[in-house]
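S.K.: Below you'll find the structure I mean.
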Amino acid sequence: MIDEPDPGRDDLAMVSVWMKEFAAQPIAPSARLDPQCLFWKAQLLKRWDAEARATRPIEVAEQVPAAAALVAAAALAGWFYFFAGTVSAFR
Amino acid sequence: MDERAFQTLYNETAAPLQRYAARVLGDAARAEDIVQEAWLRLLRQPPALVAPGAERAYLFRVVSNLMIDHWRRHRREVTTATVPERAAASRDGALRLDMGNLFLKLTPRERQLLWLADVEESTHREIATALGLGEGSIRVLLSRARRKLAGLLRAGGHGEETR
């Protein structure tokens, strides 16, 4: 990155003072960010995350037989098509 | 993290985090959502992923990233064109009232940099970590942002007041 000259001392002081004044301006207190609510909401989300992690292998396992059946059916169809073609060539 | 430790961390960090998000975003409601999401991410993290004592840095990093995500999703940023030019009208009260609008004239990245450097007084390394930038580029980006803000302040007559 190109090395640029730093702002002058006056500028630095002016910006620094302005930023401090700006930061000191009050903002409306947050009503929604109650720490206790946040903590328990996070605990609940953590529990859901853990449940989702725990049940994921079961969900995957449930899909395996269906996928295996599909693959077997496709293989059988392929084999039958090939076999039928070979038999008809001999006739 | 147990509830007590969280309460202590919350008491130390909530206000600066909320101010950072609200001032840099210029939208207090959106800032609340972002800060809440950052807290939830911290609490949902396995403890081993956030080193003890690094929670504050983690929270500032998550809030910074969430703000960037927000800006990417909503490109319709409050730009200089939409910011009312009330600051120039009267020097005393209006300039104070329009501090937020003046700050929004900077780019989101400049606002993050200036806030972290001048308000949070973070080191260049901390800023680089929070913003996902190279440590070496912080000095240049920061001085550019300061020059730009100084220019805006001078244009609003601020520099003449302080001299």
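S.K.: Which whole number gives the average count of other chain Cβ atoms within 10 Å of the Cβ atoms across peptide B:34-42?
M.R.: Averaged over the peptide's residues, the number is 3.
S.K.: Now, a different point. With the contact rule set at Cα under 8 Å and sequence spacing of 6 or more, what percent relative contact order holds for segment B:1-76?
M.R.: Value for segment B:1-76: 30 percent.
S.K.: List, in order, the whole-Hz ³J(HN,Hα) value for each residue of segment A:50-62 obtained from phi through the Karplus relation with A = 6.51, B = -1.76, C = 1.60 and θ = phi - 60°; use x for Gly and Pro.
M.R.: 5, 4, 5, 5, 5, 8, 4, x, 5, 4, 5, 4, 5
S.K.: Still on this structure: For B:LEU49 and A:VAL64, what does the FRET efficiency come to when R0 = 30 Å and r is the distance between their Cβ atoms, rounded to the nearest 0.05?
M.R.: For B:LEU49 and A:VAL64, the calculated efficiency is 0.40.
S.K.: Here's another thing I want to ask about it. How do B:VAL119, B:VAL63, B:VAL140 rank when sorted from fewest to most other Cβ atoms within 10 Å of their own Cβ?
M.R.: So the residues, fewest neighbours to most, are B:VAL140, B:VAL119, B:VAL63.
S.K.: Could you work out the mean count of beta carbons from other protein chains within 10 Å of each residue's beta carbon in A:35-44?
M.R.: 5
S.K.: Could I ask something else about it? Could you compute the FRET efficiency for A:ARG56 and A:ARG9, with r as their C-beta to C-beta distance and R0 at 41 Å, rounded to 0.05?
M.R.: 0.10
S.K.: Please give the length that would be gained between B:ARG72 and B:ARG56 if that part of the chain were fully extended, namely 0.36 nm times their separation in residues minus their C-alpha to C-alpha distance (nm, one decimal).
M.R.: Computed gain between B:ARG72 and B:ARG56 is 3.3 nm.
S.K.: Calculate the mean, over all residues of peptide B:143-153, of how many other protein chain Cβ atoms lie within 10 angstrom of the residue's Cβ.
M.R.: 5
S.K.: Hey, which lysines would be in cross-link range of B:LYS105, C-alpha to C-alpha under 22 Å, not counting anything within fewer than 8 residues on its own chain?
M.R.: A:LYS20, B:LYS148
S.K.: For the peptides B:144-157, A:12-25, what is the packing order when you average, over each peptide's residues, the other Cβ atoms within 10 Å and list the highest mean first?
M.R.: B:144-157, A:12-25
Coordinate-derived values only; no laboratory data. In this text, all values refer to a predicted model and were calculated from it rather than measured experimentally. For neighbour counting, all protein chains shown are included, and Cβ atoms are generated from backbone atoms with ideal geometry for every residue, glycine included.
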